[in-house]
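Peer 1: Would you mind keeping the following structure in view while I ask a few things?
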Amino acid sequence: MIPITAKQTKLIAFDLSSTDENCGYPVRRALRIAEELAEEASAVFITRAGLPIPDQYRCVQAATQRDLLSALSFLKPDLLIRDSGSTSREEAEAVQKLVPSLLHFDDFGEGGQAADFVIQTLYGEFDTSVTDSYKTGIGTFLTDARAADLRRQREKQTPGDPPRLLIAFGETDPGNLTFRALRHVMNLQIPLSVTILLGTSYAHDASSLRMMALSRRNTAIKKAPHDFLSLAAEADIVLCGGGYMPYDAASLGVPCIILAQNPFESELQFPSDRDGFTHLGLGRKVKQSNLLNAIMEPLLHDSLRQRDIDRQLTLPLGEEADSVFETIRYLLDHPKRSVPGKPVPDVVN
């Protein structure tokens with residue numbers, strides 16, 4: 001008799017070891033991919049400590065590039081997906097010696113140029129300077145599965161009395177824009193309910209924030225863990241940094257004010273005023289009068305608020321999700337090279 005052998009699933013490794021969570025999106029993106037390809041590949045997460053990975057997935061901690069290489073040598077994945085920011089060419093070339101295919105998300109460094117494929121969601125628009133190994137644009141943003149339901153709930157809710165402002169600047173907030181924004185908002189002369197989200201790695205003393213919150217009615221501070229998406233859906237205005245948070249806001253249709261946390265965020269092509277956002281540039285340079293005017297405008301002018309919401313809801317967020325999944329499937333099924341422990345006959349040149 002011919003023995004029946006079970007079909008061997010392939011292995012995808014996700015490197016999230018140095019990613020700033022940006023309210024959880026890189027982790028959510030990885031989990032969405034792992035779930036979508038669950039019947040074709042198993043998943044393992046190479047992370048730094050503290051990332052919220054569900055218990056059903058295997059995790060390996062790797063704090064340094066050396067740790068990452070050791071993990072890859074042991075795991076021997078068929079595909080490595082790196083979502084750890086910009087990398088160097090030397091990093092990418094070292095990794096390629098251990099994995100048959102290498103995909104990077106949002107890598108603006110030379111490591112991206114050396115990877116087999118890069119998906120640049122944060123470009124925001126197509127850039128003619130990128131090569132065929134890049135896919136760019138906001139269509140590659142993987143919207144949260146809850147976004148459609150939360151958006152429908154928003155359509156039924158009435159504006160808060162007083163209006164609700166959500167302030168969120170990610171996990172670490174290195175420039176302490178949370179403090180700067182709240183200090184300015186304290187001078188607003190109209191009633192406002194304010195919720196401030198502090199990340200797990202908030203890098204500053206929170207006592208001054210708490211004192212300001214205690215001195216102002218309807219002001220609350222929420223420490224992580226918290227759910228940015230559901231809290232944004234309840235808000236009348238969101239005040240946040242650049243990066244991925246505006247994408248989540250746009251998936252809900254929420255008036256949103258952007259204070260870039262660094263020059264990198266300020267130079268991204270998305271979001272902009274034409275996308276339905278009020279972008280005030282670098283947060284450390286914003287004037288109090290500009291911020292307060294930006295908050296009051298959608299509260300006082302229904303037509304302007306609705307214009308911004310309509311612009312957000314017509315954005316092509318997530319329209320290329322299937323293309324993202326197909327790219328990953330292709331890299332799994334057609335490895336780019338043979339590596340130790342993964343000899344393959346059909347290497348794609």
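Peer 1: Probe of 1.4 angstrom, ligands and nucleic acids ignored: what's the accessible area per residue over the chain, in square angstrom?
Peer 2: Details: 16540 Å² over 349 residues.
Heavy-atom accessible area per residue stands at 47 Å².
Peer 1: Per the helix-only calculation at 222 nm, which mean residue ellipticity applies to the chain, given -39500 (n - 2.57) for every DSSP H run of n ≥ 4 and division by its residues, nearest 500 deg cm²/dmol?
Peer 2: It lands at -10000 deg cm²/dmol.
Peer 1: Note down the relative contact order for the chain as a percent, whole number, built from C-alpha pairs under 8 angstrom at least six residues apart.
Peer 2: On the way: 652 pairs, mean separation 55.4, N = 349.
The normalised contact order for the chain reaches 16 percent.
Peer 1: Roll a 1.4 angstrom probe over the protein heavy atoms and tell me the percent of accessible area of the stretch 214-349 that is carbon or sulfur.
Peer 2: Answer for the stretch 214-349: carbon and sulfur cover 49 percent of the accessible area.
Peer 1: Assigning unit charges at the beta carbon (Lys, Arg +1; Asp, Glu -1) and nothing else, what dipole magnitude in debye, to the nearest 20, does the stretch 209-349 show about its Cα centre?
Peer 2: 860 debye
Peer 1: Over the stretch 61-194, what percent of the accessible surface lies on carbon and sulfur atoms, probe 1.4 Å?
Peer 2: 48 percent
Peer 1: Would you please report the Å³ per residue occupied by the convex hull of the alpha carbon atoms in the stretch 20-83?
Peer 2: Normalising the Cα hull of the stretch 20-83 by residue number yields 87 Å³.
Peer 1: By its C-alpha gyration tensor, with a ≥ b ≥ c as the square roots of the eigenvalues, how is the stretch 52-152 shaped: rounded for a/c under 1.5, else prolate for a/b larger than b/c, else oblate? Walk me through the intermediate numbers first.
Peer 2: Values: a/c = 2.45, a/b = 1.20, b/c = 2.04.
In terms of gyration-tensor shape, oblate.
Peer 1: Need one number: % antiparallel among DSSP beta bridges in the chain, to the nearest 5. Walk me through the intermediate numbers first.
Peer 2: Values: 1 of 46 bridges.
If I count the DSSP bridges inside the chain, around 0 percent turn out antiparallel.
Peer 1: Next question. Give the calculated FRET efficiency between Arg274 and Phe74 to the nearest 0.05, with a Förster radius of 41 Å applied to their Cβ-Cβ distance.
Peer 2: Working: r = 48 Å, r/R0 = 1.17.
Result of the calculation: an efficiency of 0.30.
Peer 1: Let me ask something additional. Apply the a/c threshold of 1.5 to the C-alpha gyration tensor of the stretch 191-240 and tell me whether it is rounded, prolate or oblate.
Peer 2: Oblate shape, in that a/c is at least 1.5 and b/c is the bigger or equal ratio.
Peer 1: Heavy atoms only, 1.4 Å probe, whole protein assembly: order Met186, Met211 by accessible area, highest first. Mind dumping the intermediate values first?
Peer 2: On the way: Met186 60, Met211 130 Å².
From most accessible down to least: Met211, Met186.
Peer 1: Further question on the same structure: From the Cα gyration tensor of the stretch 95-251, with a ≥ b ≥ c the square roots of its eigenvalues, which class applies: rounded if a/c is under 1.5, or else prolate if a/b is larger than b/c, or else oblate?
Peer 2: prolate
Peer 1: Could you order peptides 99-108, 156-165 by the average number of other Cβ atoms within 10 Å of their residues, highest first?
Peer 2: Listed from highest to lowest mean packing, they are 99-108, 156-165.
The values are calculated or read from the model by the stated rules, or taken from the named source; none is laboratory data. Treat the numbers as computed from the prediction; the structure is a model and nothing was measured. Here Cβ is always computed from backbone atoms with ideal geometry, including for glycine, and neighbour counts include all displayed protein chains. To get the accessible areas, we keep the full protein, side chains included, count just its heavy atoms, and leave off ligands, DNA and RNA. Shrake-Rupley method; radii C 1.70, N 1.55, O 1.52, S 1.80 Å.
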